[in-house]
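Accompanying notes for the structure given below.
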Amino acid sequence: MSTAVVILNWNGRNLLEQFLPSVIRFSEGANIYVADNASTDDSVVFVQENFPQVKIIQNKENGGFAKGYNDALSGLTEDIFVLLNSDVEVSKNWLEPILEIFKNQPKTAAVQPKILDYKRKNYFEYAGAAGGYIDKYGYPFCRGRIFETLEVDHGQYNNDVPIFWASGACMVIRKNVYWEAGALDEDFFAHQEEIDLCWRIHNLGYQIKSCGISTVYHVGGATLDSMNPRKTFFNFRNSLYMLLKNVPAPNVYSILFIRMILDGVAGIKFIAEGKFSHLYAILQAHTAFYGNFKKIQSKRKRVPKNMKYFQLKSIIWSYFCLSKKQFSKLK
C-alpha cells in the first residue's frame, strides 16, 4: 500500500524548516511531497537544497487549500494520500496504525490521528482534536474540543471510533475515494472544505475513523488566525455552502433558514463585543452565499434522503445553555 505525504505550502519557508524534519524522520516508507502554491518566498529552493529526498510539486497559482490539493494530488499514483499541514509535527509511529486501519477495514475511507496542540502538548488542538462531528445546523465540534473549550488529553479518546469528519490539518484518505467523492470543493477556497468532503464520503457509504494511538502536534492559525475576519467570512459562507450541498431533502431549506437566524445571533454577539469587522464578515458571507446559491445547489448529488448526518441536535444549546463543555458530557 503506497503512501504519499503531501504538505501544501504557501510562503511557509520557516514552517518547513521547523516541521519537515519530523515528517521525514517518522514517515518511513512514504513518499514525501511539498506542494507549493505559487509561493513568493524561497520555500522551493530551501527544500531543494536542504531536503533533496522530498519531491516538489509546483502549482501554477495559489488556489487555496482546496484547489491547491486537487492540483497537487491529480498527478500522484500512490494508494493513500496524507493531507498534512505545514505546521504539524508528527511523532514516532504515527503513520503505521493508520495504515493498519486501511488494510483491515476496506470500508474505511479516511482516518485522522489524535491532534494535540504544539504549544501546549497535553491539550487537544482546535482543528480536529480526536475526531470531528457536526450538529443538525452545521456547527462542527470535536472529541476534545467544543467551540473554544479545549480539553486536556488524559488518554480519554485513545480508542479508534467512527467520526463524521477528519481534520484537514492531517487527513489520511484513500486515493480512489478522494476522487470518487469529487475531491475538495474549490469554491470553498479554504476552511470547512474537509468537512464537506467527508460528508460526501459518508453519502457514498464509507466510514471515517479517528486513530487514537497515532499522535501529531499542530500549531494552528498559521495561515489565518482565529481572530481574522477573513476566517470568519470563510467559516460562515462555507458552512452555508456545505448545508445546501449535503443536508437531505426535504429538510435542507428549513435547516438553512434556522442557521441564518443563528448567524444573526452571532452577529449581535460580535456587536456586543465590539468586533464590527467580524459582523461585516458575516454579512459578506451571506451575500456571497446568495450570489452563488444556484451554483452550489447544482452540486447536490448522491444525498441519501434518510441519512442522519448529525450527532447532536444543537451544540449551541448544549454548550451555552446546558454548560456541557466536554465531549464526554454530550448525550
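No lab work stands behind these numbers, since they all come straight from the coordinates. What you see is a predicted model, and the numbers here were worked out from it, not measured in a lab. Please note: Cβ atoms are built from the backbone with ideal geometry, for glycine as well, and neighbour counts cover all protein chains shown.
Residues in the range 1-58 that are in a loop (DSSP other than H, G, I, E, B) and among the β-branched types (V, I, T) were compared, and the one that is farthest from A110 (Cα to Cα) is T40. Of the residues V265, V303, the single one that is in a helix (DSSP H, G or I), β-branched (V, I, T) and over 30 Å from Y157 (Cα atoms) is V265.
Just to be sure before I move on: is I282 touching a residue at least 60 places away in the same chain (Cβ under 8 Å), closer than 19 Å to F236 by Cβ and under 23 Å from the mean Cα position of the chain (by Cα) in the structure I sent?
Values: touching a residue at least 60 places away in the same chain (Cβ under 8 Å): no; closer than 19 Å to F236 by Cβ: yes; under 23 Å from the mean Cα position of the chain (by Cα): yes.
Here the answer is no, as I282 does not meet what is asked.
For the range 1-42, residues that are farther than 14 Å from I56 by Cα and among the aromatic types (F, W, Y) total 2.
Contact annotation: residue pairs with Cβ atoms under 8 Å, 6 or more positions apart or on different chains, pairing a residue in the range 240-256 that is touching a residue at least 60 places away in the same chain (Cβ under 8 Å) and part of a loop (DSSP other than H, G, I, E, B) with a partner that is of a type in the set (K, R) and surrounded by fewer than 24 Cβ atoms within 10 Å (Cβ to Cβ), are P248/K305. If you go through the range 118-132 and keep only what is surrounded by fewer than 21 Cβ atoms within 10 Å (Cβ to Cβ) and in a strand (DSSP E or B), you end up with just Y123. Contact map, the range 317-331: residues that are among the small types (G, A, S) paired with residues that are in a loop (DSSP other than H, G, I, E, B), Cβ distance under 7 Å, separation 6+ or inter-chain. Pairs shown: S318/K324; S318/L330; S328/Q156. On inspection, Y133 qualifies as aromatic (F, W, Y) and under 13 Å from the mean Cα position of the chain (by Cα).
Residue-wise test of (1) more than 21 Å from the chain's Cα centre (by Cα); (2) among the β-branched types (V, I, T); (3) surrounded by fewer than 21 Cβ atoms within 10 Å (Cβ to Cβ).
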{"residue": "D41", "(1), (2), (3)": "yes, no, yes"}
{"residue": "F51", "(1), (2), (3)": "yes, no, yes"}
{"residue": "F65", "(1), (2), (3)": "no, no, no"}
{"residue": "D79", "(1), (2), (3)": "no, no, yes"}
{"residue": "L83", "(1), (2), (3)": "no, no, no"}
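Scanning the range 267-280 for residues that are within 26 Å of L244 (Cβ to Cβ) and exposed (fewer than 15 other Cβ atoms within 10 Å of the Cβ) turns up I268, K269, S277.
When you go through E28, E49, E17, E89 one by one, which is the residue that is free of Cβ contacts under 8 Å to residues at least 12 places away in the same chain and either in contact with a strand residue (DSSP E or B) (Cβ under 6 Å, 6 or more places away or on another chain) or not hydrophobic (A, V, I, L, M, F, W, C) (or both)? It would help to see each step written out before you state the result.
Numbers: E28 fails: free of Cβ contacts under 8 Å to residues at least 12 places away in the same chain; E17 fails: free of Cβ contacts under 8 Å to residues at least 12 places away in the same chain; E89 fails: free of Cβ contacts under 8 Å to residues at least 12 places away in the same chain.
None of the others qualify; the one that does is E49.
Scanning the range 91-117 for residues that are part of a helix (DSSP H, G or I) and either β-branched (V, I, T) or closer than 15 Å to H218 by Cβ (or both) returns I98, I101.
Any residue at all in the range 105-117 that is acidic (D, E), within 14 Å of M1 (Cα to Cα) and in contact (Cβ under 8 Å) with a residue 12 or more places away in the chain?
Keep residues of the range 105-117 that are acidic (D, E), which gives 117.
In the following step, the residues that additionally are within 14 Å of M1 (Cα to Cα) were identified as none.
Scanning the range 105-117, I find no residue that is acidic (D, E), within 14 Å of M1 (Cα to Cα) and in contact (Cβ under 8 Å) with a residue 12 or more places away in the chain, so the answer is no.
Restricting attention to the range 54-70, which residues are touching a Phe, Trp or Tyr at 6+ places or on another chain (Cβ under 8 Å), without any contact (Cβ under 8 Å) to a residue 60 or more places away in the chain and closer than 25 Å to M242 by Cα? Within the range 54-70, just N62 meets the criteria.
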